[in-house]
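Structure record follows, encoded as structure tokens.
Quick note: the coordinates plus some simple rules give every number you see, no bench work behind them. For clarity, every value in this text was computed on a predicted model and none was experimentally measured. Using ideal geometry, Cβ is built from the backbone for each residue, glycine included, and neighbour counts are taken over all protein chains shown.
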Amino acid sequence: CGRKGGLERPGATMTNPPAQGTETTPPVEDRRFILDGLLE
Amino acid sequence: CQVRPLYGEGGADLAGIEIKPATTRVEQVVRNELIFKFGGGAGEPASPDYTLALRVQGSTGNVLAAGTDNDFTAARTTVSGTYTLTARADGKVIASGVRAATALLDLPSQNYARLRAIRDGEDRAARSLAAMIEADIAAKLSR
Amino acid sequence: QPPLDVSVPADAKMLLAADQLIYDHDSSLVIATGGVQIDYGGYQLVAERVEYDQRTGRVRASGKVEMLEPGGNRIYADNLDVTDDFSDGFVNALRIETPDNTRIIAESAERSGGTETTFNNGVYTACEPCRENPAKAPFWQIKARKVIQNGVTQTVRLERATFELFGMPIAFLPYLELPDHQAKRKSGFLQPSFSVTDELGFGAGIPYYYVISPSMDVTVTGTGYTKQGFLAEGEFRQRFENGEVILRMAGISQNNPDNFDASAGYSTVDGSVTERGFIASEAKFEINPRWTFGWDVMLQSDRNFARTYGLQGYGDVRHTSEVYLTGLANRSFFDLRAYKFDVQDDWIDSTQDKEQALVYPVLDYNRISPRSVAGGELALNVNVQNLSRENEDRLGVLERYPGLEGESARLTAELEWKRTFTTAQGLRLTTLLAARADGNYLDLTGPSGTYSGLESNGSTGRGMVTAGLEASYPILMTTANSTHVIEPIAQVFVRPNEQLSGGLPNEDAQSFVFDTTSLFDRDKFSGYDRIEGGTRANVGVRYTGSYSNGMTTFATFGQSYHLAGLNSFTTTDLVGAGLDSGLESRASDFVAMAGVTSPAGITLSGSGRFDNEGLSLKRGDLTAGLARGPFSGTFTYSDVAAQKGYGATQDRRELKGAATLRFTENWSVSGAASYDLERQKFYRSGVGLAYGDECVEFAISYQRLLDDNKPETRDWSIAARLSFRTLGDINYSTVDENLF
């Protein structure tokens, strides 16, 4: 039978495969967004 | 037993506490409320002496299911917060604990009104939670 | 994915320790005897005797051999004959334990290419051997002529296998392929599910999962129903650099639509159609660490398809579809959202679905400026709400209209400034100023009853200004092992009267419960569609206590007084928000909250409103929680007195409890019930039994649900789940409903 698991981010280089079960969410790239000014 | 004012001369000074950034809306409501209670309107401290780590969780549960003629489902929103206050100089834990507050609300038949009622319930419970956490921290800091 | 490189790197040094080491020069044979330990390129080997032939590069170990592979497998064998880089060779009478605690026992095994190990006459199980007598057959095991563990395809393949329960053969399988412990995703059939309901008959479904790439997969599920035919479901998932999208589709051509009318006893939506389908999508994207964009939308051919067939995640009576853009950083929050609400109801003439609002959009923007203004905190709150509705939603024959037909929009902007002064004696004075302006646009059909007072269509507006002062004097009491803070608080808010109260629709402030959490609020209404006016004072006391043994206590008590002007809680509006709430009299009802949590796992908290004259309980809510050792339970008592003006015409009292007891290490029983004290009957009750150990999970639950509107439909359901760890589980349920 198969096993359905969470998907990986494309291009997530497998330098160190995340430990079993825990997927460390890499930080989202900090890009500017037009509405950022509203939250300063 | 010793009785004295919590603030004022010789009382707790909470102006030097910085709070870690919030990750959810409810956590931000508690954080904003505490920043005002700590600073009285002065905003976040420039060079804080303490760091407060805050983890807040909100959940809404039905209490009474709507009967045939009552279109209101009585419900309750509980917001619980785990806090840890550490001194920035040596990282020593000054105070830590768990507190929770519950707001009562009604869920009407309109789904939109339900979502807004839950949002208001979260805000109210978050403000009561902030009051309890402020009192706990002030009591510890004035010991 | 590169094949797992198992063989040892060339430069790895072999560390060898033993009681005795003999080097036979002419046969260039190294013989180590007595507690031999070898560590070589991540492989660790322990044996009583090891012969290492330098010419052929073979390692022969014998006597209680134990080998740990870099991948985590632990091998126990009588003797072992492998190449010196451990990639090829033979092992006899062995047992392998994989890192995810599964076991393969075999007479012999052959290793080839460093990535594949073939076991002859192997037994595969995820159960641990019974400690008392290891020979006893485990709960389940699979005996197979051949077991092939492949490190590249990350699979364990069993050929000519027999599934055994307690040692008794149950099923013969030509071959079975399982994902091994490293595989996060693997194409193949997933767990089957079974169900039986009156309208659909017996249903059996089997999903097939196909991995397209590490960031894309498809799941296709076919479910056959004896009475309605074949339901096809598809799910496509794709993950991107900063988010994930899920697309779902389902469809069926019903064989016996009239079954539904027969079993419901009235004409139903389900019975009036044959071809039925649905399409849905979910997505979430992180634009940057502060901003998130996403949606969760569903479209179906008729209004009860997803609920009738219990589609995962879409089976509830109320389903919300939404598209949102949310930003959160520092002290500010932004949320722009559109909503479409579905009410999945089977009665063909029901208009509940059309009575729900379509909201396009609702905007919440709450900002507190980082720098203080005149020594105080300045907050800006903006709310935009634009919605429309097809049918009027009216509460029976009462003059209560939770929703009017037509379109209405409101733009609200509010500024609040507040600052706290603390005197040397510890008195805290907080001054507050607030100003608010609303613009409204109405294009509504008037209420169908006799309610008058609604503003005429077109645009209108209103505003409010508030000056407030709060005084609080927190006192600290410390004893040897406890500290207590008692804070008396008094507030006064001076405001003009609420304009147009009752003249505008009330969409976001319909819920109104006066309790200690809203006692000290500047505006006690729960939304922007109502504004609290008039001059009001709130007085109360807050207490928190904490004890050195970890126990904590808290309490709040207070009352509110209407001093001057129009009391907003006496004026009616389309939903009667605030009426019979306890605030309509000059001196309000008393509100109180108190609680205690003890480190021994006991929590008790209650909240109540008591009549200002007779102190009779108008609304009460008591929760008790106990978590000690194997027992955990919560109990709730709720009591809501009738509030005729607000649409609740009857008293309601209910006791609700849920508890779980783990009576042995593996067995636990749970029960839950909610008992309606007014009508003296169980509204919902259920009991569940569960067994779980390292290789098997079994749960069965029975639930009975009383549905007032449909007393005659069957109101009980049974759900069971049996799962063999790493093999998969089998779900059976009569109706797919969450238990509590």
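For segment C:387-533, how big is the tail of P(r) above 23 Å, as a whole percent of Cα pairs?
Numbers: 5496 of 10731 pairs.
Counting pairs separated by more than 23 Å, the tail of P(r) holds 51 percent.
Pull the list of chain C cysteines that no other Cys approaches to under 4.7 Å, Cβ to Cβ.
Flagged as lacking a Cys partner: C:Cys130.
What value in Å³ per residue do you get for the convex hull of the alpha-carbon atoms in segment C:535-636?
Numbers: hull volume 11.4 nm³, N = 102.
Given the Cα convex hull of segment C:535-636, per-residue volume reads 112 Å³.
Based on the mean of other beta carbon atoms within 10 Å per residue, what is the order of C:324-336, C:210-222, most packed first?
Working: C:324-336: 19.4, C:210-222: 16.2.
Descending packing order for the listed peptides: C:324-336, C:210-222.
How big is D, in µm² s⁻¹, for segment C:578-693 by Stokes-Einstein at 4 °C and 1.567 mPa s if Rh is the Kirkwood radius over C-alpha pairs?
My calculation gives 79 µm²/s for D.
For n ≥ 4 DSSP H runs only, could you compute -39500 (n - 2.57) per run for the protein assembly as shown, divide by its residues and tell me the 222 nm figure to the nearest 500?
Numbers: 6 runs with 65 residues, N = 923.
Computed mean residue ellipticity for the protein assembly as shown: -2000 deg cm²/dmol.
Put +1 on the Cβ of every Lys and Arg and -1 on every Asp and Glu Cβ in the protein assembly as shown; which of C:Phe230, B:Gly39, C:Gln54 then has its Cα farthest towards the positive end of the dipole?
Farthest along the dipole direction, towards plus: B:Gly39.
For every other residue with a beta carbon closer than 14 angstrom to the beta carbon of C:Leu622, add +1 if it is Lys or Arg and -1 if Asp or Glu, then tell me the sum. Show your work: numbers first, answer last.
Values: positive: B:Arg76, C:Arg609, C:Arg619, C:Arg653, C:Lys656; negative: C:Asp515, C:Asp621, C:Asp639, C:Glu654.
Charge balance near C:Leu622 sits at +1.
List the residues, sorted by chain then number, that are 5 or more residues from C:Gln650 or on another chain and whose placed amide H is less than 5 Å from its amide H.
Those qualifying (amide H under 5 Å, at least 5 residues apart or on another chain) are C:Gln643.
Indicate the gyration tensor shape class of segment B:1-50 (rounded, prolate or oblate), computed on the Cα atoms with a ≥ b ≥ c the square roots of the eigenvalues: a/c under 1.5 is rounded; otherwise a/b larger than b/c is prolate and the rest oblate. Write out the running numbers ahead of the final one.
Working: a/c = 2.60, a/b = 1.83, b/c = 1.42.
Prolate is the answer for segment B:1-50, as a/c is 1.5 or above and a/b outweighs b/c.
Would you work out the charge dipole size for chain B about its Cα centre, treating the Cβ of every Lys and Arg as +1 and the Cβ of every Asp and Glu as -1, and quote it to the nearest 20 debye? Mind dumping the intermediate values first?
Details: 17 positive and 16 negative charges, 52 e Å.
Using Cβ point charges on Lys, Arg, Asp and Glu, chain B gives about 240 debye.
Provide a whole-number value for the mean count of partner chain Cβ atoms within 10 Å of the Cβ atoms in peptide C:519-527. All intermediate terms of the calculation are to be shown ahead of the outcome.
Values: counts 2, 4, 4, 0, 0, 1, 1, 12, 5.
Mean partner-chain Cβ count within 10 Å for C:519-527: 3.
On alpha carbon coordinates alone, what is the Rg over Rh value for segment C:78-170, Rh being the Kirkwood radius? Intermediate results must be reported in sequence, preceding the final value.
Details: Rg = 13.5 Å, Rh = 13.7 Å.
Radius of gyration over Kirkwood radius for segment C:78-170 works out to 0.98.
Among C:Phe520, C:Phe569, what is the fewest-to-most ranking by other Cβ atoms within 10 Å? Show your work: numbers first, answer last.
Working: C:Phe520 23, C:Phe569 27.
Listed from fewest to most nearby Cβ atoms, that is C:Phe520, C:Phe569.
Compare B:Leu54, B:Leu104, B:Leu14 in a GNM of chain B, Cα atoms joined below 10 Å, and give the one with the largest fluctuation.
Of B:Leu54, B:Leu104, B:Leu14, the Gaussian network model singles out B:Leu104 as fluctuating most.
Relative contact order of chain C, please, whole-number percent, based on alpha carbon pairs below 8 angstrom and at least 6 residues apart.
Working: 1951 pairs, mean separation 37.4, N = 740.
Relative contact order for chain C comes out at 5 percent.
Any chance you could give the angle, 0 to 90 degrees and rounded to 10, that helix B:111-141 forms with the longest Cα principal axis of chain B?
20
Assuming a viscosity of 0.692 mPa s and a temperature of 37 °C, what translational diffusion coefficient in µm² per second does Stokes-Einstein assign to chain C, Rh being the Kirkwood radius over Cα pairs?
Details: Rh = 32.4 Å.
Reported coefficient: 101 µm²/s.
Would you grab the residues whose amide H sits under 5 Å from the one on B:Ala74? Only those 5+ places off in sequence or on another chain, please, with H modelled 1.01 Å from N.
Correct list: B:Val63, B:Leu64, B:Leu107.
Could you point to the residue in C:Tyr324, C:Pro630, C:Asn255 farthest towards the positive end of the protein assembly as shown's charge dipole, with +1 and -1 charges on the Cβ of Lys/Arg and Asp/Glu respectively?
Of the listed residues, the answer is C:Pro630.
As I understand it, the value is the acute angle between the Cα axis of helix B:25-39 and the longest principal axis of the Cα atoms of chain B; what does it come to in degrees, rounded to 10?
That helix lies at roughly 40 degrees to the long axis.
Across the residues of C:504-513, average count of Cβ atoms on other protein chains within 10 Å?
On the way: counts 0, 0, 3, 4, 8, 4, 11, 16, 4, 12.
Counting Cβ atoms of other protein chains within 10 Å of each residue's Cβ and averaging gives 6.
Which percent of Cα pairs goes in each bin when the distances of segment C:389-465 are cut into 10 angstrom slices starting at zero?
Calculated over all Cα pairs of segment C:389-465, the distribution is 16, 29, 22, 15, 12, 6, 0 percent.
Quick one: putting +1 on the C-beta of Lys and Arg, -1 on the C-beta of Asp and Glu, what dipole do you get for the protein assembly as shown around its Cα centre, in Debye to the nearest 20?
Working: 91 positive and 119 negative charges, 381 e Å.
Here the protein assembly as shown has a charge dipole of around 1840 debye.
Over the alpha carbons of the protein assembly as shown, what is the largest minus smallest coordinate on each principal axis, giving the biggest first in Å?
Principal extents (largest minus smallest coordinate, Cα): 111, 77, 54 Å.
Only four residue types carry charge here, +1 at the Cβ of Lys and Arg and -1 at the Cβ of Asp and Glu. Report the dipole size of segment C:387-501 about the Cα centre in Debye, rounded to the nearest 20. Each step should come with its number before you reach the end.
Working: 10 positive and 14 negative charges, 127 e Å.
Once rounded to the nearest 20, the dipole reads 620 debye.
Pairs of Cα atoms under 8 Å, at least six residues apart: use those to get the relative contact order of segment C:29-146, whole percent.
Values: 290 pairs, mean separation 16.5, N = 118.
Once normalised by length, the contact order is 14 percent.
Which order results if C:Trp417, C:Trp716 are arranged by neighbouring Cβ count within 10 Å, fewest first?
Working: C:Trp417 18, C:Trp716 12.
Ordered by Cβ neighbours within 10 Å, fewest first: C:Trp716, C:Trp417.
Relative contact order (percent) for chain B, with alpha-carbon contacts under 8 angstrom and 6 or more residues of separation? Could you put the intermediate results ahead of the total?
Numbers: 261 pairs, mean separation 35.7, N = 143.
Here the relative contact order equals 25 percent.
From the Cα trace of segment C:46-98, what convex hull volume per residue do you get, rounded to a whole Å³? Display every interim value, and only then the final one.
Values: hull volume 3.5 nm³, N = 53.
So the per-residue Cα hull volume is 66 Å³.
Can you tell which of C:Tyr210, C:Gly608, C:Thr422 lies farthest toward the positive end of the dipole of chain C, using +1 and -1 charges on the Cβ of basic and acidic side chains (Lys, Arg; Asp, Glu)?
Ranked along the dipole, the leading option is C:Thr422.
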